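Enquirer: Please read through the structure below; I'll follow up with questions.
The values are calculated or read from the model by the stated rules, or taken from the named source; none is laboratory data. Only a predicted model underlies this, so the values are computations on that prediction, with no experimental measurement involved. Using ideal geometry, Cβ is built from the backbone for each residue, glycine included, and neighbour counts are taken over all protein chains shown. These area figures cover heavy atoms from the full protein model, side chains too; ligands, DNA and RNA do not enter into them. Shrake-Rupley method; radii C 1.70, N 1.55, O 1.52, S 1.80 Å.
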Amino acid sequence: MSRAKVSSVDGYVAAAPDDAQPHLRRLRQIINSAAPKAKEALSYGIPFYEYRGRLIYFAGYKKHVALYPAGDAKGLERYLAAKSTLRFPLDEPLPVAKIGSLVRARVKERDVEQGSQRPARARRSASAR
């Protein structure tokens, strides 16, 4: 992908290698479906989704598309290229159901993390009881 500055996810996908664009559009659909409350933006020059913090990034390259951080990539181990990077070859269909499950699991993780970070309720004083 050329590293020209893009200002939107649409622009990023349009600037990606031609062969990567269908996979990027599909990844975007999967993520939007699995995390409908997530906000889409660009960071580090690539698309990411924000949901109670940074949820997931995706990127397109000449021979693959990538998704990170992968978290617990159950069922996707064969695509694991680095500690938390999944690479999907462009000459294979995306494992849609497994990617959707991964994104939904990341959303649940965020929900649990946020739930555990709620401030404790203030106790009423003895005189207020």
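Enquirer: Would you check if there is a residue in the range 14-27 being free of Cβ contacts under 8 Å to residues at least 60 places away in the same chain, over 24 Å from GLU109 (Cβ atoms) and among the basic types (Lys, Arg)?
Expert: yes
Enquirer: Of the numbered conditions (1) assigned to a helix (DSSP H, G or I); (2) open to solvent by 40 Å² or more (accessible area, probe 1.4 Å); (3) under 30 Å from GLY115 (Cβ atoms); (4) not aliphatic (A, V, I, L, M), ARG52 satisfies every one except a single condition; which is it?
Expert: (1)
Enquirer: Now for a separate question. Is there any pair linking a residue in the range 92-118 that is open to solvent by 40 Å² or more (accessible area, probe 1.4 Å) to one that is modelled with pLDDT of 95 or more, with Cβ under 7 Å and at least six apart or on different chains, and which?
Expert: If the second residue must be modelled with pLDDT of 95 or more, the pairs left are VAL96/ILE30; ARG104/ALA34.
Enquirer: Residue check: is LYS83 free of Cβ contacts under 8 Å to residues at least 40 places away in the same chain, open to solvent by 60 Å² or more (accessible area, probe 1.4 Å) and either out of contact with any Gly (no Cβ under 7 Å at 6 or more places or on another chain) or farther than 25 Å from GLU113 by Cβ (or both)?
Expert: Criteria met by LYS83.
Enquirer: Name the one entry in ALA15, ALA41 that is touching a Ser or Thr at 6+ places or on another chain (Cβ under 8 Å) and aliphatic (A, V, I, L, M).
Expert: Among ALA15, ALA41, only ALA15 is touching a Ser or Thr at 6+ places or on another chain (Cβ under 8 Å) and aliphatic (A, V, I, L, M).
Enquirer: Got a number for residues in the range 1-17 being open to solvent by 70 Å² or more (accessible area, probe 1.4 Å) and either of a type in the set (Lys, Arg) or under 17 Å from ALA66 (Cβ atoms) (or both)?
Expert: Number of matching residues: 2.
Enquirer: If we only count strands (runs of 3 or more DSSP E) wholly inside the range 56-96, which ones have 1 or more residues that are under 23 Å from GLY11 (Cα atoms)?
Expert: Passing ranges, in order: 64-68, 85-89.
Enquirer: Scan the range 102-124 residue by residue and report those that are small (Gly, Ala, Ser), modelled with pLDDT under 85 and assigned to a helix (DSSP H, G or I).
Expert: Of everything in the range 102-124, those that are small (Gly, Ala, Ser), modelled with pLDDT under 85 and assigned to a helix (DSSP H, G or I) turn out to be GLY115, SER116.
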